[in-house]
Amino acid sequence: MKLAPSLHRVGNDIVAVYLVDAPEGVTVVDAGLAGQWKEFLGELDAMGRSIDDVRGIVLTHGDSDHIGFAERLRRDHGVPVYVHEADAARARGEESTKPAWGHMKLGAVARFLWYALRKNGLTTTPIAEVVTVRDGEVLDLPGSPRVIGLPGHSPGSIAIHVPAVDAVFVGDALTTRHVLTGADGPQPAPFTDDPRGALASLARLEGLGATWVLPGHGTPWNRGVDEAVREVNRAAAASTQ
């Protein structure tokens, strides 16, 4: 799905993968679920690209619903996989956490689990080899993505700012569709290791000026990053009342 010039999405509001199309090639942000592979290839084809044009994949964090087909890209096609050093072990399958689920609605949970099952979400292959990144790095990839550390959802959660497409990719630093309740709009994401830390980290996104805020789960947001952060803080405050 084309969101804007040079900016594409694979998947849907349940689990999303993003592609940045630049003259020098394609950068992929997150790898969703393993079963989204065919959709990924289909989107490349619709862009007039092929897998040979993919220069790298950047993970917003190392959770299983974000690394889906990353190892396949790396192993079979030599595409490097970038992840923050604090989430490298998680992406390699060496460690994980199981935060509390919290409030949920049966229908929303069922849709999430059913989609994950259909897309091989239970058979994720850990990434054998990763390239680690740090806060502030500008990666030598199409679009010149800049890493912004957002610890909280996981220790190595990051946002990826790509001014060339007026977008910031936020992974699970926030969500615009809560997979456990179905609630829409910018809000804190579930399954977060450190909810207070995640909320505090969002201040690092303020002032970026990006129009598009692109989460791993939920509708793409195109009303500006500052407004998205305000909405998340409002939702967080309302949930404690």
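Would you confirm, using the coordinates I've provided, whether VAL179 is at pLDDT below 95 and either surrounded by fewer than 17 Cβ atoms within 10 Å (Cβ to Cβ) or in contact with a helix residue (DSSP H, G or I) (Cβ under 7 Å, 6 or more places away or on another chain) (or both)?
Considered against the rule, which asks whether it is at pLDDT below 95 and either surrounded by fewer than 17 Cβ atoms within 10 Å (Cβ to Cβ) or in contact with a helix residue (DSSP H, G or I) (Cβ under 7 Å, 6 or more places away or on another chain) (or both), VAL179 comes out as yes.
Matching residues to (1) free of Cβ contacts under 8 Å to residues at least 60 places away in the same chain; (2) of a type in the set (Gly, Ala, Ser):
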| site | (1), (2) |
| --- | --- |
| VAL83 | no, no |
| PHE112 | no, no |
| LEU117 | yes, no |
| THR123 | no, no |
| ALA128 | yes, yes |
| GLY171 | no, yes |
| THR181 | no, no |
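Within the bounds of region 183-199, is there any residue that is assigned to a strand (DSSP E or B), in contact with a Phe, Trp or Tyr (Cβ under 6 Å, 6 or more places away or on another chain) and either touching a residue at least 24 places away in the same chain (Cβ under 8 Å) or closer than 22 Å to VAL131 by Cβ (or both)?
No; the residues of region 183-199 include none that is assigned to a strand (DSSP E or B), in contact with a Phe, Trp or Tyr (Cβ under 6 Å, 6 or more places away or on another chain) and either touching a residue at least 24 places away in the same chain (Cβ under 8 Å) or closer than 22 Å to VAL131 by Cβ (or both).
Output the number of the condition that PRO186 fails; it satisfies all remaining conditions of (1) at pLDDT 95 or above; (2) over 15 Å from the mean Cα position of the chain (by Cα); (3) surrounded by 15 or more Cβ atoms within 10 Å (Cβ to Cβ).
(2)
GLU24 passes all but one of (1) closer than 22 Å to ASP194 by Cβ; (2) over 17 Å from the mean Cα position of the chain (by Cα); (3) in contact (Cβ under 8 Å) with a residue 12 or more places away in the chain; which number fails?
Tallying (1) closer than 22 Å to ASP194 by Cβ; (2) over 17 Å from the mean Cα position of the chain (by Cα); (3) in contact (Cβ under 8 Å) with a residue 12 or more places away in the chain, GLU24 fails exactly one: (1).
Going by what's in this entry, would GLY149 be described as at positive phi and either in contact with a Cys (Cβ under 6 Å, 6 or more places away or on another chain) or surrounded by 18 or more Cβ atoms within 10 Å (Cβ to Cβ) (or both)?
Spelling it out, it is not the case that GLY149 is at positive phi and either in contact with a Cys (Cβ under 6 Å, 6 or more places away or on another chain) or surrounded by 18 or more Cβ atoms within 10 Å (Cβ to Cβ) (or both).
How many residues does region 205-235 contain that are touching a strand residue (DSSP E or B) at 6+ places or on another chain (Cβ under 7 Å) and surrounded by 17 or more Cβ atoms within 10 Å (Cβ to Cβ)?
Adding up the residues that qualify gives 17.
Identify the residue in region 1-21 that is of a type outside the set (A, V, I, L, M) and outside any loop (DSSP other than H, G, I, E, B) and, among all such residues, is nearest to the chain's Cα centre (by Cα).
So, considering only residues that are of a type outside the set (A, V, I, L, M) and outside any loop (DSSP other than H, G, I, E, B), the one nearest to the chain's Cα centre (by Cα) is TYR18.
Among the residues of region 172-197, what is the count of those that are more than 9 Å from HIS217 (Cβ to Cβ) and out of contact with any Leu (no Cβ under 8 Å at 6 or more places or on another chain)?
13
Does region 160-172 include one or more residues that are modelled with pLDDT of 95 or more, within 26 Å of TRP114 (Cβ to Cβ) and surrounded by fewer than 20 Cβ atoms within 10 Å (Cβ to Cβ)?
Checked region 160-172: no residue is modelled with pLDDT of 95 or more, within 26 Å of TRP114 (Cβ to Cβ) and surrounded by fewer than 20 Cβ atoms within 10 Å (Cβ to Cβ).
With respect to the numbered conditions (1) closer than 18 Å to HIS217 by Cβ; (2) of a type in the set (Asp, Glu); (3) surrounded by fewer than 15 Cβ atoms within 10 Å (Cβ to Cβ), which one is the sole condition not fulfilled by ASP87?
It fails just one condition, (3).
Just give me the residues in region 149-178 being small (Gly, Ala, Ser), within 16 Å of VAL133 (Cα to Cα) and outside any strand (DSSP E or B), in sequence order.
SER154, GLY156, SER157
The values are calculated or read from the model by the stated rules, or taken from the named source; none is laboratory data. Predicted model only: the values in this text are computed from it and were never measured. Cβ: placed from backbone, ideal geometry, glycine included. Neighbour counts: every protein chain shown.
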